[in-house]
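Encoded as structure tokens, the structure appears first; notes follow it.
Nothing in this text is a laboratory measurement; each read-out follows from the coordinates by a stated rule. Worth saying up front: this structure is predicted, and the values here are computed from it rather than measured. Glycine also receives a Cβ, built like all others from the backbone with ideal geometry; neighbour counts cover every protein chain displayed.
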Amino acid sequence: MKIPDESHPITIDRMSGTVRVLFEGHGIADSDDVLVLREADYPPVYYFPRDSVQMTFLRRTDKVTHCPYKGDAAYFTIYRDRQIIENAAWSYEDPYLAVGLISGRVAFYPEHVEFQLGDRSPAETEAMDVDAIVQHTDSGSGSSQAERWPPNVDMPDPDKVEPDRHRPGKSAGAI
């Protein structure tokens, strides 16, 4: 175990306001009790209370890593919307005393999620209602499935359709 010092500083501060984690546009964590850990020259890391994370989309993996300053980290894979991102989040269940504030909190790799800082409600990032999406689609008939949307294709004019002269068997006898 190493103790943070001037050669390897670690600070933990409480973020002001709400911090959200979005995965594929959907909220996966949302809290106004987020800690930001700054360690040496590494980018800041946001640690969320576990009860502010939608743990139903995370599964613990067998991966464990060791940091000489923080202790052992357990990893989680994100399963959401047919997407599987292995070891995309982690948690220090029993960190060293110097960073004890992050105990049991969950952090996410920024290359797999999007962070939003500010006062946003969870409703702002909920998935669009499936019925609303279906109403925007074309049934293949050339008309929209909702009256307020005009057809996205024109129906062919049967008087202007050219006969298909290149169809095999059209002018020749069958064999």
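Things worth noting here:
- Simple label model, 7 Å out from Cα along Cβ direction - MET1 to ASP72, nm: 1.4 nm
- Maximal additional length on extending the ARG14-ARG82 stretch stands at 21.1 nm, based on 0.36 nm per residue less the C-alpha distance.
- Separation of the TYR42 and SER103 label points, Cα + 7 Å toward Cβ, nm: 2.0 nm
- Calculated from backbone phi, Karplus (6.51, -1.76, 1.60) coupling profile of the range 91-99 in Hz, x at Gly/Pro: 8, 9, 6, 9, x, 5, 3, 4, 10
- Sequence of THR18, THR61 once ranked by neighbouring C-beta atoms within 10 Å, starting from the fewest: THR61, THR18
- Largest-first principal axis extents of the Cα set of the range 10-120 (Å): 37, 34, 25
- Ordered by the number of other Cβ atoms lying within 10 Å of each residue's own Cβ, fewest first, TYR79, TYR92 fall into the sequence TYR79, TYR92.
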